[in-house]
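S.K.: Provided herewith is a single structure, encoded as structure tokens, for subsequent inquiry.
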Amino acid sequence: MKYFIYALVSGFILALGWPTYGFPFLLFFGFVPLLYVENHLREQGAKHHKWKIFGLSYLSFFIWNVITTYWLYISTPFGGVFAIVMNSLFMALVFLIFHQVAKKVNFKASASFFISIWMVFEYLHLNWEFSWPWLNLGNGFSEFTSWIQWYEYTGTFGGTLWVLLANFSLLKMWLLFEKYQDKGIIYRGALKTGLLILVPILISLIILNNYEESDRSIEAVVLQPNINPYTEKYNTTDTRIGELLTKLAENKITPNTKVVIAPETVFADGTVLSRFRNSEASYYTREFVRNHPEISFLSGISMYERFNDPSRVTGQSNQIGPMDWYNDYNSAFLVNANDSVSFYHKSKLVVGVENFPYQEVLRPILGDVMIDLGGTVAMKTTQPERSVFELDESGEAGPIICYESVYGDYVTGYVNNGADFLAIITNDAWWGKTQGHKQHLSYARLRAIENRRSVARSANTGISAFINEKGEITKSLGYEKQGALIGEITLNDKVTFYSRHGDYIARIAQFLALFIFLFAMIKWKRSRIS
């Protein structure tokens, strides 16, 4: 029962440390009760103790997942349950692997292995087809950006490393005090852990106070049409949408405005890619730009292309019938005064909604289990490179569509291709008035710091916002409010260390985890032979 309570405590501490309602200081000791249980059971060497550890860790991680991401159930009941159950399982399996290695090495090696294998797990969640990096530990500081200005050097993996180092520092203090009953251990351990936590915060505050944003800027307008995706979005027309967006923009623009940004898939009639210029989306945006030639118009749109050539079929193509396929796109487009049109197709896809993971293996077993989100269900087609939109001579925008804004290394692709600022277009209405849309906005602040790029965020139902290079929200328009937001965004062409090198900490962790694992296995085999 004592171990069970410790597991519960770990789960609740981790959950209460999460944005946007939580206090991230709790993350620094959220793992400690669970790690303490693992250490005690390991030292006891009791029969079946590894399954106790697996069960207790699953309990902790399940509580963490449920409290922080329960809102997934609102839009996708099956998908929400699946994500919570499976992500908790993956975390518990990581913990079990750590336990197996910890039995064969000393405390420092086991701590190093847990830190590195957890980062390997987070890195996997950023890159495989079951991708779900929402609970990567470095995301936990998104509401306390004054603590993490050094993310421009480390990205969120610097935050993960920070959290786990503090947890093991406190665990070591607890175990040593339990063994020797010396209060000096508590004092020294508290001092070491305190410095481990406070020094990075102090460094961050120094960076924050000395950081100067770019002196180049433009005026932008972001639109928030507030269209309910369950009752309105797919029951309206692009004509009505075009009229609404034009009205919202006309009421807000000034002679200094350089770009208007509308949300993800706001044009949802299903435009044929090759016939875009004949579409309502093209007509209304080009008409607006003709009337305001100094302004570029960036928007989201649903598009498709149908074909009967088997040589064009890819793993992302959807088959309608014999010799009949189509590619479905969740796209962004930009219209300029010179009548040019640029496109970008969303390439980080939502699992089960826009992407059927490992369908070659799973489709024969599960059938077609793509999740229906009010009309968006279909395998989406992606593109290999991050496109950048040029706003005449005003600057270059990185068009980030919805879920893509959760991926730090991915977003650096826009910056390395020349983006001066980041334009996030999204539709967060699927989750209602929950933490879902709040967390999604909050994570955008991390991208601003990592790349030192301003963010203009247009969300269908909110929260639309402007975020500066320091990750501070300068203006916002609340959830379920219709309107437009005007603000200044800086244009920065300097590339940060993180933008240039990406998730290098996670790549180093891969080698460290493999080295410690092989060392533990060799040591175990030698002990058996001797």
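S.K.: Which residues, counting only those in the range 386-400, are within 18 Å of R447 (Cβ to Cβ) and not in a strand (DSSP E or B)?
M.R.: Here is the first cut: in the range 386-400, the residues within 18 Å of R447 (Cβ to Cβ) are 386-389, 395-400.
Answer for the range 386-400, where residues must be within 18 Å of R447 (Cβ to Cβ) and not in a strand (DSSP E or B): R386, S387, V388, G395.
S.K.: Same structure again: Any residue in the range 345-366 that is surrounded by 11 or more Cβ atoms within 10 Å (Cβ to Cβ), within 17 Å of V266 (Cα to Cα) and either modelled with pLDDT of 90 or more or not assigned by TED's automatic domain parsing to the domain that holds E393 (or both)?
M.R.: yes
S.K.: Taking the condition surrounded by 19 or more Cβ atoms within 10 Å (Cβ to Cβ) and either in a helix (DSSP H, G or I) or of a type in the set (A, V, I, L, M, F, W, C) (or both), does F61 pass?
M.R.: Values: surrounded by 19 or more Cβ atoms within 10 Å (Cβ to Cβ): yes; either in a helix (DSSP H, G or I) or of a type in the set (A, V, I, L, M, F, W, C) (or both): yes.
The answer is yes for F61.
S.K.: Next up: Using beta carbons and a limit of 9 Å, which pairs, at least six apart or on different chains, have the first residue in the range 377-401 and under 30 Å from Q319 (Cα atoms) and among the aliphatic types (A, V, I, L, M) and the second one at pLDDT below 90 and assigned to a strand (DSSP E or B)?
M.R.: Correct list of pairs: A378/N318; M379/N318; M379/N355.
S.K.: On to the next question. Do you know which of the residues in the range 226-262 that are of a type in the set (A, V, I, L, M) and assigned to a loop (DSSP other than H, G, I, E, B) is nearest to the chain's Cα centre (by Cα)?
M.R.: For the range 226-262, the residue satisfying everything is A262.
To keep it simple, each residue is scored yes or no on (1) within 17 Å of the chain's Cα centre (by Cα); (2) crowded, with 22+ Cβ neighbours inside 10 Å; (3) not hydroxyl-bearing (S, T, Y).
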site: K108; (1), (2), (3): no, no, yes
site: F113; (1), (2), (3): no, yes, yes
site: S116; (1), (2), (3): no, yes, no
site: M119; (1), (2), (3): yes, yes, yes
site: Q149; (1), (2), (3): no, yes, yes
site: V163; (1), (2), (3): no, yes, yes
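S.K.: Could you identify the single residue in T461, T474 that is at pLDDT below 95 and either among the aliphatic types (A, V, I, L, M) or not in a helix (DSSP H, G or I) (or both)?
M.R.: None of the other options fit; the residue is T461.
Residue-wise test of (1) farther than 21 Å from Y407 by Cβ; (2) in contact with a helix residue (DSSP H, G or I) (Cβ under 8 Å, 6 or more places away or on another chain); (3) crowded, with 22+ Cβ neighbours inside 10 Å.
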| residue | (1), (2), (3) |
| --- | --- |
| G418 | no, no, no |
| A423 | no, no, yes |
| H437 | no, yes, yes |
| R447 | no, yes, yes |
| E469 | no, yes, yes |
| Y479 | yes, yes, no |
| I486 | yes, no, no |
| T490 | yes, no, no |
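S.K.: Could you please find all residues in the range 262-278 being touching a residue at least 40 places away in the same chain (Cβ under 8 Å), touching an Asp or Glu at 6+ places or on another chain (Cβ under 8 Å) and surrounded by fewer than 22 Cβ atoms within 10 Å (Cβ to Cβ)?
M.R.: L273
S.K.: When the residues of the range 1-51 are narrowed to those that are basic (K, R) and assigned to a helix (DSSP H, G or I), which ends up surrounded by the fewest Cβ atoms within 10 Å (Cβ to Cβ)?
M.R.: If we filter the range 1-51 for residues that are basic (K, R), which is where we start, we get 2, 42, 47, 50.
Filter once more, so that each one left must be assigned to a helix (DSSP H, G or I): 2, 42, 50.
Working: K2: 8, R42: 17, K50: 16.
Here the residue is K2.
S.K.: Moving on to the next point. Does any residue of the range 495-506 turn out to be of a type in the set (A, V, I, L, M), part of a helix (DSSP H, G or I), touching a Phe, Trp or Tyr at 6+ places or on another chain (Cβ under 8 Å) and modelled with pLDDT of 95 or more?
M.R.: First pass over the range 495-506, keeping only residues of a type in the set (A, V, I, L, M): 495, 505-506.
Imposing the further condition that a residue be part of a helix (DSSP H, G or I) reduces the set to 505-506.
Imposing the further condition that a residue be touching a Phe, Trp or Tyr at 6+ places or on another chain (Cβ under 8 Å) reduces the set to 505-506.
Next, from what is left, pick out any that are modelled with pLDDT of 95 or more: 505-506.
Taking every residue of the range 495-506 in turn, at least one turns out to be of a type in the set (A, V, I, L, M), part of a helix (DSSP H, G or I), touching a Phe, Trp or Tyr at 6+ places or on another chain (Cβ under 8 Å) and modelled with pLDDT of 95 or more.
S.K.: Please find, among S405, S476, S464, the residue that is farther than 23 Å from W147 by Cα and in contact with a strand residue (DSSP E or B) (Cβ under 9 Å, 6 or more places away or on another chain). Please lay out each step first, then the result.
M.R.: Numbers: S405 fails: farther than 23 Å from W147 by Cα; S476 fails: farther than 23 Å from W147 by Cα.
The conditions single out S464.
S.K.: While we're here: Every residue in the range 89-106 that is among the hydrophobic types (A, V, I, L, M, F, W, C) and assigned to a helix (DSSP H, G or I), please.
M.R.: First, the residues of the range 89-106 that are among the hydrophobic types (A, V, I, L, M, F, W, C): 89-98, 101-102, 105.
Listed by number, the residues that qualify are L89, F90, M91, A92, L93, V94, F95, L96, I97, F98, V101, A102.
S.K.: While we're here: Within the set of pairs 6 or more residues apart or between chains, which connect a residue that is at positive phi and in a loop (DSSP other than H, G, I, E, B) inside the range 437-454 to a residue that is modelled with pLDDT of 95 or more and β-branched (V, I, T) with Cβ atoms less than 7 Å apart?
M.R.: Between residues of the range 437-454 that are at positive phi and in a loop (DSSP other than H, G, I, E, B) and residues that are modelled with pLDDT of 95 or more and β-branched (V, I, T), the close pairs are R452/T496.
S.K.: So which residues in the range 179-201 are surrounded by 12 or more Cβ atoms within 10 Å (Cβ to Cβ) and farther than 30 Å from H40 by Cα?
M.R.: P200, I201, listed by residue number.
S.K.: With respect to R457, determine if the residue is among the charged types (D, E, K, R), out of contact with any Gly (no Cβ under 6 Å at 6 or more places or on another chain) and not assigned by TED's automatic domain parsing to the domain that holds P399.
M.R.: On the way: among the charged types (D, E, K, R): yes; out of contact with any Gly (no Cβ under 6 Å at 6 or more places or on another chain): yes; not assigned by TED's automatic domain parsing to the domain that holds P399: no.
It is false that R457 is among the charged types (D, E, K, R), out of contact with any Gly (no Cβ under 6 Å at 6 or more places or on another chain) and not assigned by TED's automatic domain parsing to the domain that holds P399.
The values are calculated or read from the model by the stated rules, or taken from the named source; none is laboratory data. Just so it is clear, the model here is predicted, and its values are computed rather than measured. Note that we place each Cβ from the backbone using ideal geometry, even for glycine, and neighbour counts take in every protein chain shown.
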